[in-house]
Amino acid sequence: MAIGAIGINNRVMAKYIDIFTDYGFKKIFGEEANKNFLIDFLNSLLPDTHIKDLTFKNTEQLPVTIDERKAVYDIYCENDRGEKFIVELQKAKQNYFMERTIYYATFPISGQAVKGEWDYNLKAVYCIGLLDFKFSDYTNEREIGEVVHTHTIKNQHNRQVYDKLTFIYLEMPNFNKKEDELETRLDQWLYFIKNLETFDVIPEIFKNQVVFKEAIEKAELSRMSEDALAAYYVGLKSYRDNIATNKTAKEEGLKEGEEKGIKIGEANKQWEMAKNCLKNGLSIEMTSKITGLNEDEIRNITL
C-alpha cells in the first residue's frame, strides 16, 4: 500500500523517471533493447572510440579465488573491437570511490588473459562514473567547477604513457547549462540526464532527434507496467531518503561543530581571563570566582 501512495504522489509530480535512481539509470542505459542510447552517450563522451555496437556483459565479476572480493557493476559492456566499458551511477558521496573504480577495472583487465602463448596486448578499458555529488579534494581551482574529469596514466613529465585505461567522472551538480546554452552532443546528454524528471513536454532541442525522442518515450511513467512502477517508486523513495539523510547529517554535523566551537571559544576566554587575573596579582581563590575555573586548574596555568 505504501508503494501505491508513493506512486500516486509521483505521478502528479513527475511525468518521466529520474535517471539517478537505479531503475531509471538501467532503464535508459542498461537494457539491450535500448543500447542505442548508451552507444550515443558513450560516443559523445569518447568521440575517438567510434562505437558501432555494444554487447552487454555479466555485471557480476567473480574473483580468481574464493577469498577475494567480487565486483558487481551497474553496467558492463564491450564494443565490437573488444574494448570494455564499465558505467557506474554513484548517488551519494563515498569514501574511496576512485579506489573502488580502480579495483573494478582490474577485472576486465585480468579477464583478458588467455591460456598458452600470449603477448599481453590488452584491449582498452573505460570506467565511467555518473556522480550526483562533487569531489572535495581538488587543489586546482580550475577543476572545481568542471563537469568532466578524465584520468589516464601519465609519467612525471605529464606525458601519457598508456592510453588503454581511462577513468572518467562526471560531476553532475556542476552541470548547470540551460537548453539554449547547449553546444555539444555531450551537453545534450548531460542536460537530458539531469533534467529528464522535470520535463513536462519534449524540449524543443530534442524534438527532431530520434535518439532523444525515443529515450524520453521510454522514460514516460504512463508507459510502464504496474510492477515496473512499483520497483521504480521503491528506488525513488530510497534515493530521496538518502538525500534527506545526508542533508540532515550534514546540518547536524555543522550544528555540533558550531556548538563545539562556541564551547572551545568560551573555554579559551576563561583561560585568558585567568592569566590576566594572575598577572594582575589576584589570588587563586579570587581568580576562580571570577573565571569559574577550579583552583587546581588555575594552579596549572603557566604565565
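The values are calculated or read from the model by the stated rules, or taken from the named source; none is laboratory data. Quick caveat: nothing in here was measured; it's all calculated off a predicted structure. Here Cβ is always computed from backbone atoms with ideal geometry, including for glycine, and neighbour counts include all displayed protein chains. Just so you know, the surface numbers come from the protein's heavy atoms only, side chains and all, with ligands and any DNA or RNA stripped out. Shrake-Rupley method; radii C 1.70, N 1.55, O 1.52, S 1.80 Å.
Just the residues that are part of a helix (DSSP H, G or I) and closer than 22 Å to F212 by Cα, please, taken from the range 140-173. Passing the criteria: M172, P173. Taking the criterion of being open to solvent by 20 Å² or more (accessible area, probe 1.4 Å) and in a loop (DSSP other than H, G, I, E, B), the residues of the range 187-202 that qualify are D200, V201, I202. Of the residues making up the range 91-146, those that are of a type outside the set (A, V, I, L, M), at pLDDT 90 or above and buried (at least 17 other Cβ atoms within 10 Å of the Cβ) are T101, Y104, F107, P108, Y126, C127, G129, D132. Each residue in the range 120-136 was checked for being outside any strand (DSSP E or B) and in contact with a Lys or Arg (Cβ under 9 Å, 6 or more places away or on another chain), and 8 pass. Residues of the range 102-122 that are free of Cβ contacts under 8 Å to residues at least 40 places away in the same chain and hydrophobic (A, V, I, L, M, F, W, C): A113, V114, W118.
Being open to solvent by 20 Å² or more (accessible area, probe 1.4 Å) and either in a helix (DSSP H, G or I) or among the aliphatic types (A, V, I, L, M) (or both) is the filter here; which residues of the range 20-39 pass it? Talk me through it step by step, then tell me what you get.
Taking the range 20-39 and keeping what is open to solvent by 20 Å² or more (accessible area, probe 1.4 Å), we get 22-23, 26-27, 30-33, 35-36, 39.
Correct list: D22, Y23, K26, K27, E32, A33, K35, N36, I39.
Take the conditions (1) under 28 Å from K27 (Cβ atoms); (2) in contact with a helix residue (DSSP H, G or I) (Cβ under 9 Å, 6 or more places away or on another chain); Y138 misses just one of them, which is (1).
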